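Here's the structure we're looking at; comments come further down.
The values are calculated or read from the model by the stated rules, or taken from the named source; none is laboratory data. Predicted, not measured: the structure shown is a model, and the values here were computed from it. Cβ coordinates were reconstructed from backbone atoms using ideal geometry, including for glycine residues, and neighbour counts include every protein chain displayed.
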There are 2 protein chains.
Amino acid sequence: MKQSKSKHAILGLLAQGSGSGYDIKKIVEQKISHFWNESYGQIYPILKDLAATKLVSRKVERQTGKPDRQVYTITARGRASLDDWLSEPAQFQVLRNETLLKLFFGHESDTDANLRLIQRYRDYHLQLIDGCAELEKELKRDHPGDTDLPYWLMTIDHCRVEARAVLRWCDVTLKKLADLDEPTRGRKPRATPVRQRR
Amino acid sequence: MKQSKSKHAILGLLAQGSGSGYDIKKIVEQKISHFWNESYGQIYPILKDLAATKLVSRKVERQTGKPDRQVYTITARGRASLDDWLSEPAQFQVLRNETLLKLFFGHESDTDANLRLIQRYRDYHLQLIDGCAELEKELKRDHPGDTDLPYWLMTIDHCRVEARAVLRWCDVTLKKLADLDEPTRGRKPRATPVRQRR
DNA sequence: GATCGCATGTAAGTGGTTACATGATTTA
DNA sequence: TAAATCATGTAACCACTTACATGCGATC
């Protein structure tokens with residue numbers, strides 16, 4: 001098992017506070033979903049593995065009415081492992097962008113499809129920006145004065161700054177696509193069949 | 001086998017020109033590496049599968065001195081499949097950003113490590129911008145007047161616009177990190193041991 | 001009576017990378 | 001003579017997702 005990324009992501013979250021697999025999933029969705037994701041299928045086996053290698057400890061919390069919780073807490077060894085990972089340089093993996101892939105094949109498609117493609121991409125980034133604002137408000141409300149907060153806000157800022165840039169690119173690109181089309185068609189022929197090219 | 005993404009990526013590249021698995025790999029690296037990647041371990045089995053399902057045809061090209069080439073050409077069925085895929089909306093997958101993950105845990109790390117983290121991220125994006133400029137020049141030189149060119153340039157523009165935004169974010173963030181640190185230390189204590197926190 | 005939230009987990013499958021095998025020719 | 005380029009392919013492995021199973025209590 002390597003799983004270095006997910007493993008350390010979970011370890012890091014536990015360093016910011018003990019919790020269950022269910023808690024981890026909630027935190028991922030709420031606080032870091034703009035740049036990270038984890039599924040239960042990863043989280044539970046990794047927690048088991050972390051416990052087996054003594055990087056975290058586990059204790060059962062009985063609850064009435066609700067199922068028992070397995071609460072995990074980082075150990076000194078876990079801290080050391082986290083610190084090692086944090087001091088290593090981060091990897092930049094090539095991010096696959098399906099929208100750009102389709103746009104790259106734009107000439108194989110038709111203008112309407114291309115416009116729809118970028119319009120959806122634009123909508124998505126608008127929503128992202130809203131989501132960032134929402135999350136920022138929430139975090140500031142729920143964690144005032146928290147020493148972790150400034151770092152959290154920096155990641156939100158990254159998301160927002162990037163989304164804004166992409167938004168502007170969308171506007172420019174929508175214009176370019178319309179211009180590319182203009183010489184060919186005399187304005188809105190509409191009845192373009194779906195499976196047509198050029 | 002689903003492989004919808006890689007499969008259609010390869011199909012699309014073949015639509016822009018016939019070629020071998022080796023050619024595909026070259027094109028991926030040269031033209032779309034800023035937002036896509038494919039390994040031989042994917043390419044060759046997918047080409048085999050595309051040929052088996054008649055979406056592409058294959059013919060052997062004998063070469064003297066060099067090994068034979070398996071040249072693949074998209075068929076009418078392949079075109080239809082590509083068109084179907086192009087008219088479907090693109091998916092936005094959550095991109096995992098390890099740098100942001102580590103920054104999110106910034107308080108669990110130390111300021112020097114955080115600064116190094118963002119500095120490396122900044123360097124990477126500077127290089128990316130250079131790479132974009134380089135690629136743009138190359139494509140304009142090698143494919144003047146090509147009908148595909150405008151779409152290719154749009155994807156490069158996306159990369160550049162995004163990288164520039166991230167670059168600015170890096171500068172702001174580096175300052176924020178330095179400011180966060182200032183109240184704690186009276187300027188450059190230097191001998192901070194690696195495995196220290198807070 | 002349906003669905004949502006809490007809570008833990010597994011099995012099967014997918015999508016992808018890495019490393020390896022082969023081997024000729026050309027370049028450094 | 002070492003390494004890079006051309007060229008095709010496979011096997012093993014890994015990371016990750018999806019779907020499923022279970023079951024209680026609260027809300028709609």
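So which of A:Lys26, A:Lys31 ends up being more than 10 Å from DNA strand D (Cβ to nearest atom) and away from chain B (no Cβ under 14 Å)? Walk me through it before giving the result.
Details: A:Lys31 fails: away from chain B (no Cβ under 14 Å).
One residue alone meets the criteria, A:Lys26.
Scan the range A:64-82 and give yes if some residue there is facing chain B (nearest Cβ under 8 Å), more than 30 Å from A:Cys132 (Cα to Cα) and away from DNA strand D (no atom under 16 Å from the Cβ), otherwise no. Write out each step before concluding.
Initially, the range A:64-82 is screened for residues facing chain B (nearest Cβ under 8 Å), giving A:79-80, A:82.
Cutting the leftovers down to more than 30 Å from A:Cys132 (Cα to Cα) gives us A:80.
Next, only the ones that are away from DNA strand D (no atom under 16 Å from the Cβ) stay: A:80.
Yes, the range A:64-82 contains a residue that is facing chain B (nearest Cβ under 8 Å), more than 30 Å from A:Cys132 (Cα to Cα) and away from DNA strand D (no atom under 16 Å from the Cβ).
Determine whether B:Ser18 is hydroxyl-bearing (Ser, Thr, Tyr), surrounded by 14 or more Cβ atoms within 10 Å (Cβ to Cβ) and out of contact with any helix residue (DSSP H, G or I) (no Cβ under 9 Å at 6 or more places or on another chain).
Working: hydroxyl-bearing (Ser, Thr, Tyr): yes; surrounded by 14 or more Cβ atoms within 10 Å (Cβ to Cβ): yes; out of contact with any helix residue (DSSP H, G or I) (no Cβ under 9 Å at 6 or more places or on another chain): yes.
So B:Ser18 passes the test.
Kindly check whether there is at least one residue in the range A:119-132 that is within 16 Å of DNA strand D (Cβ to nearest atom) and under 30 Å from B:Ile32 (Cβ atoms). Walk me through how you get there before you give the answer.
Restricting attention to the range A:119-132, the residues satisfying the condition of being within 16 Å of DNA strand D (Cβ to nearest atom) are none.
No, every residue in the range A:119-132 fails to be within 16 Å of DNA strand D (Cβ to nearest atom) and under 30 Å from B:Ile32 (Cβ atoms).
If B:Asp142 satisfies all but one of (1) farther than 18 Å from A:Val161 by Cα; (2) surrounded by 13 or more Cβ atoms within 10 Å (Cβ to Cβ), what's the number of the condition it fails?
Condition (2) is where B:Asp142 drops out.
What number of residues within the range A:56-94 are more than 11 Å from DNA strand C (Cβ to nearest atom) and closer than 30 Å to B:Ile156 by Cβ?
Filtering the range A:56-94 down to residues more than 11 Å from DNA strand C (Cβ to nearest atom) leaves A:56-57, A:73-90, A:92.
Those left that are additionally closer than 30 Å to B:Ile156 by Cβ: A:89-90, A:92.
The total comes to 3.
Of the conditions (1) hydroxyl-bearing (Ser, Thr, Tyr); (2) under 30 Å from B:Ile74 (Cβ atoms); (3) touching a residue at least 60 places away in the same chain (Cβ under 8 Å), A:Thr155 clears all except one; give me its number.
A:Thr155 satisfies all of (1) hydroxyl-bearing (Ser, Thr, Tyr); (2) under 30 Å from B:Ile74 (Cβ atoms); (3) touching a residue at least 60 places away in the same chain (Cβ under 8 Å) except (2).
B:Glu98 fails exactly one of the following numbered conditions: (1) of a type in the set (Asp, Glu); (2) crowded, with 19+ Cβ neighbours inside 10 Å; (3) at pLDDT below 95. What is the number of that condition?
Checking B:Glu98 against (1) of a type in the set (Asp, Glu); (2) crowded, with 19+ Cβ neighbours inside 10 Å; (3) at pLDDT below 95, the one that fails is (3).
Can you confirm whether the range A:9-18 contains a residue that is without any contact (Cβ under 8 Å) to a residue 24 or more places away in the chain, in a helix (DSSP H, G or I) and more than 11 Å from every other protein chain (Cβ to nearest Cβ)? Lay out the reasoning, then the answer.
First pass over the range A:9-18, keeping only residues without any contact (Cβ under 8 Å) to a residue 24 or more places away in the chain: A:13, A:17.
Subsequent filtering for residues that are in a helix (DSSP H, G or I) retains A:13.
Restricting the remaining residues to those that are more than 11 Å from every other protein chain (Cβ to nearest Cβ) gives none.
No, the range A:9-18 contains no residue that is without any contact (Cβ under 8 Å) to a residue 24 or more places away in the chain, in a helix (DSSP H, G or I) and more than 11 Å from every other protein chain (Cβ to nearest Cβ).
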